[in-house]
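S.K.: Here it is, the structure, as structure tokens.
Laboratory data are not the source of any read-out in this text; all were calculated from the coordinates shown. Not measured: the values here are computed from a predicted model. Glycine gets a Cβ as well: all are built from the backbone with ideal geometry, and neighbour counts include every protein chain shown.
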Amino acid sequence: MCGIVGFTGNRAAQPILLDGLARLEYRGYDSSGVATVNGKLYVRKAIGRIAELRSVLDQQPLAGNMGICNTRWATHGNVSEANAHPHLGGDGAIAIVHNGVIENYDALKRQLQGQGVQFKSQTDTEVIAQLIAANLKDDLAEAVRKTLPLLKGTYGLAVVSPRFPGLIVGARLGSPLVIGLGDGEHFLASDASALVGYTKKVIYLEDNQICVLTPDRCEIFGADQNPAAADVHALDWDPGDAALGEFPHFMLKEIYEQPDVIDRAMAGRLDEAEATAHFEGLNLDPAQLRQIERIIMTACGTSYHAAMIGEHLFEQFARMPVEVEYASEFRYRNPPIDKNTIVVGITQSGETADTLAAIRESKRKGQRTIGVCNVVGSSIAREVDGGIYLHAGPEIGVASTKAFTAQVTVLTLLAVHFGRMRHLSFHAGRRILDELQAMPNILRETLRCHDQVADIARKYQAASNMLYLGRQYLYPMALEGALKLKEISYVHAEGYPAAEMKHGPIALVDEGTPSVFLVPHSSVYDKVMSNLEEIKARGGPVIAIATADDPHVEAKADDVICVPSVPEYLQPLVTAIPLQLLAYHVALLRGCDIDKPRNLAKSVTVE
Ligand code: AGP
């Protein structure tokens, strides 16, 4: 999931490239590099964070008004300067940055080596570079065109050459590329957040398209090599959206943005008069809506947990059967799906390879697909039959927080939308809309638990294993809380249905294994309290996330985090905040990199 930025214009490229790269560092960050053309080709690389590259460039700045750069998430070859992008072909005839995986790179590499080509890296990207150089005559775009059919796999790539000053050639298959349109300048990036503040007009390249950029020219060609028409989209993010502001980390900023984010997720979608919700881009008329009898929700990671909550919401409000599938599993199964089933892909980035593949497989079978997505113009957003944007703004922290609560909010509205087409009464619909509209302030109130959670994190920071336990709507939250802790603090944690831990995991319980119980007042409160007592009886410390002023929990748990009292279907939104803050503070205390956890990337665009 590398980050790519390209620029060609009439001003210095280096600062623009570095600024864009810093915005994409969350996509992958084990090494980085930049190439500019200024009469000759100049390349600088560094392993580690972008700051390492910045210090190299402070010593040896690069001139030139055109260049490309990359921040890498290693897929082939270890983390080394030799494997960092850009990669050169033909001894510097071209330079390339690439996001994706070339599955047949080994065979191609051996073929080139047989022709005497010397490789300097272990990467698949260098194979592309050498192929383009071998095909280069007097047209860089033509050399790229000749090379692409040889590649099996995915790519979002940008190529420059000292022989063609000012020219950048981009190509896309399976990994996103977005063009930024400027006045006498053009940009290319693997996602739009790198372009915020530089342009408000973007074009999302489609698969099998090539773009040719110079300061005054932006041409896009289809697989048939003919010029392709392209829609220009407005980039509605502001520079502040992708800025840290007064927060120490993007993750904390995005946790605190959640009240406003769920407000935006509802904005313009509530229909008080009809006690329902409406969505612009769903592209389902009432008759089509009524025909739908089953829903499959497919996603990965945190978005999968949102889908699990969506299952409860649709069962409760629309009385509809929902099946939740990991996209990576769903895409390779061949489940019987009837014509009255729709597939809902839930994703923050809109680029997750497994979710995109699951959507494509569903469409191949003629299934209607809906996307719930945060990034406008992303691959999934453009390939589904209908979609709902989260409007959560760029989510920079690798650990998803505000996108998750926005997904849950959108799924609640979607369940009301479907429910009001079926059995959900006007009164019930109005009650839900009223309760939802109170949530931004309720989340602001919930954020007041911050200091208390930080204290609890200090108490348990040394734990090497934790259990997260909840039931019904809060079982997905147990999974989400465990994932948050794992992915940013590297502490092993497991989420379980609270009752299920009796069937084995309770063997893990000892005084060094804290259990986080999600136990606000609910229809299963007594059952969860029994499970809490079973853990206490075995000496396991208990951190309870509970409704304020609950004497039973206070008497039994070692530590209690209070959340406001809300209906069960809204408890995922309020419990998300202490779970996110607990993971944040444990990670902070353990000296982990909050926004760029090891081994991870924000958008998993490879299988
Ligand atoms: C969430 O904290 C993780 N970073 C990860 O599990 C993420 O949710 C998953 O990769 C899916 O990403 P998506 O929502 O962009 O599809």
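S.K.: For the range 496-535, run through the GluC sites (Glu not before Pro) and keep only the ones in DSSP coil with at most 14 other Cβ atoms within 10 Å of their Cβ.
M.R.: Glu511
S.K.: Here's another thing I want to ask about it. Test of understanding: ordering Tyr29, Tyr326 by Cβ neighbours within 10 Å, fewest first, what list do you get?
M.R.: Tyr326, Tyr29
S.K.: Using the Karplus equation 6.51 cos²θ - 1.76 cosθ + 1.60 (θ = phi - 60°), what ³J(HN,Hα) coupling, rounded to whole Hz, does each residue of the range 537-549 give in order, writing x for Gly and Pro?
M.R.: 4, 10, x, x, x, 10, 9, 9, 9, 9, 5, 3, 6
S.K.: Continuing with the same structure: Could you tell me which residue out of Leu589, Leu600, Val563 lies farthest along the dipole of the range 519-607 toward its positive end? Charges go on the beta carbon: Lys and Arg +1, Asp and Glu -1, centred on the Cα centre.
M.R.: Result: Leu600.
S.K.: If you look at just the Cα atoms of the range 12-59, how large are its Rg and its Dmax in Å?
M.R.: Just the Cα atoms of the range 12-59 yield Rg and Dmax of 10.5, 32 Å.
S.K.: Please get the size of the charge dipole for the chain, origin at its Cα centre, with Cβ charges of +1 on Lys and Arg and -1 on Asp and Glu, quoted in debye to the nearest 20.
M.R.: 1200
S.K.: Here's something else I'd like to know. Where does the charge balance sit around Lys459 when Lys and Arg score +1, Asp and Glu -1, over other residues with C-beta under 12 Å from its C-beta?
M.R.: Residues near Lys459 contribute -2 overall.
S.K.: Taking the beta-carbon count within 10 Å as an exposure proxy, list Phe7, Phe330, Phe119 from fewest neighbours to most.
M.R.: Phe119, Phe330, Phe7
S.K.: Continuing with the same structure: Starting from 0 in steps of 5 Å, tell me what percent of the Cα-Cα pairs of the range 386-511 lands in each bin.
M.R.: 2, 8, 12, 16, 19, 15, 12, 8, 5, 2, 0
S.K.: Here is a follow-up. Just in the range 1-53: which trypsin sites (Lys or Arg not before Pro) are loop by DSSP and have at most 13 other Cβ atoms within 10 Å?
M.R.: Arg11
S.K.: What lysines could a cross-link reach from Lys109, if we take a straight Cα to Cα line under 17 Å and drop same-chain neighbours fewer than 8 places away?
M.R.: Lys120, Lys146, Lys152
S.K.: Let me ask something additional. Kindly write out, for the range 130-144 in residue order, the coupling ³J(HN,Hα) from the Karplus curve 6.51 cos²θ - 1.76 cosθ + 1.60 (θ = phi - 60°), rounded to whole Hz, with x marking Gly and Pro.
M.R.: The phi angles translate into 5, 5, 5, 4, 5, 8, 7, 10, 10, 8, 5, 4, 5, 4, 5 Hz.
S.K.: For the range 119-235, what relative contact order do you get, as a whole percent, if you take Cα pairs closer than 8 Å and at least 6 residues apart?
M.R.: 19 percent.
S.K.: Per residue, how big is the convex hull around the C-alpha atoms of the range 439-495? Give it to me in cubic angstrom, could you?
M.R.: Cα convex hull per residue, to the nearest whole number: 92 Å³.
S.K.: While we're on this one: Using Cα positions and a limit of under 27 Å, work out the lysines in reach of Lys339, with same-chain residues fewer than 8 apart set aside.
M.R.: Lys363, Lys365
S.K.: Hey, how much of the P(r) for the range 373-421 falls beyond 12 Å, as a percent of Cα pairs?
M.R.: I get 66 percent for the Cα pairs in the range 373-421 exceeding 12 Å.
S.K.: Please state the Cα pair-distance histogram of the chain with 20 angstrom bins from zero: what percent is in each bin?
M.R.: 20, 49, 27, 3
S.K.: Taking amide H positions as placed in the peptide plane 1.01 Å from N, state which residues far from Thr276 in sequence (5 or more) or on other chains have amide H under 5 Å from it.
M.R.: Under 5 Å from the amide H of Thr276 lie the amide H atoms of Asp271, each far enough along the sequence or on another chain.
S.K.: Taking θ = phi - 60°, what integer Hz values does the Karplus form 6.51 cos²θ - 1.76 cosθ + 1.60 yield along the range 193-210, in sequence order, with x for Gly and Pro?
M.R.: 4, 6, 9, 4, x, 9, 7, 10, 10, 10, 10, 8, 5, 8, 4, 6, 9, 10
S.K.: Going by a ≥ b ≥ c, the root eigenvalues of the Cα gyration tensor, does the range 127-202 fall in the rounded group (a/c under 1.5), the prolate group (a/b larger than b/c) or the oblate group?
M.R.: Note, shape of the range 127-202 comes out oblate.
S.K.: Below 8 Å between Cα atoms, with a sequence gap of 6+, how large is the relative contact order for the range 351-487 in percent?
M.R.: RCO, the range 351-487: 12 percent.
S.K.: Run the numbers on the chain and let me know its relative contact order in percent, using alpha-carbon pairs under 8 Å that are six or more apart.
M.R.: Reported relative contact order: 12 percent.
S.K.: What shape does the range 475-549 have by the C-alpha gyration tensor, where a ≥ b ≥ c are the square roots of the eigenvalues, rounded means a/c under 1.5, and otherwise prolate means a/b greater than b/c and oblate the rest?
M.R.: Oblate, because a/c is 1.5 or more while a/b does not exceed b/c.
S.K.: Pairs Lys201/Lys602; Lys253/Lys602; Lys502/Lys536; Lys484/Lys596: which are spaced more than 18 Å apart, C-alpha to C-alpha?
M.R.: Over 18 Å apart, Cα to Cα: Lys201/Lys602.
S.K.: Take His186, His417, His76 and order them by how many other Cβ atoms sit within 10 Å, fewest up front.
M.R.: By the 10 Å Cβ count, ascending: His76, His417, His186.
S.K.: If you average the C-alpha positions of the range 326-357 and of the range 526-568 separately, how far apart do those two centres end up, in angstrom?
M.R.: Computed from Cα coordinates, the inter-centre distance equals 36 Å.
S.K.: Towards the positive end of the charge dipole of the chain, with charges on Cβ (+1 Lys, Arg; -1 Asp, Glu), say which of His312, Ser328, Thr147 has the farthest Cα.
M.R.: It is Thr147, whose Cα lies furthest towards the positive end.
S.K.: Rounded, prolate or oblate for the range 191-340? Axes are the square roots of the Cα gyration tensor eigenvalues, ordered a ≥ b ≥ c, and the cut-off for rounded is a/c under 1.5.
M.R.: Here the range 191-340 falls in the oblate category.
S.K.: Roughly how far apart, in whole Å, are the Cα centres of the range 116-144 and the range 227-299?
M.R.: 41
S.K.: Would you compute, from DSSP H runs of 4+ residues alone, the mean residue ellipticity of the chain at 222 nm, taking -39500 (n - 2.57) per run and dividing by the full residue count, rounded to the nearest 500?
M.R.: Calculated at 222 nm, the ellipticity per residue is -10500 deg cm²/dmol.
S.K.: Turning to a different aspect of this structure: Compute the distance from the alpha-carbon center of the range 11-76 to that of the range 417-484, in whole Å.
M.R.: Using only Cα atoms, the two centres lie 40 Å from each other.
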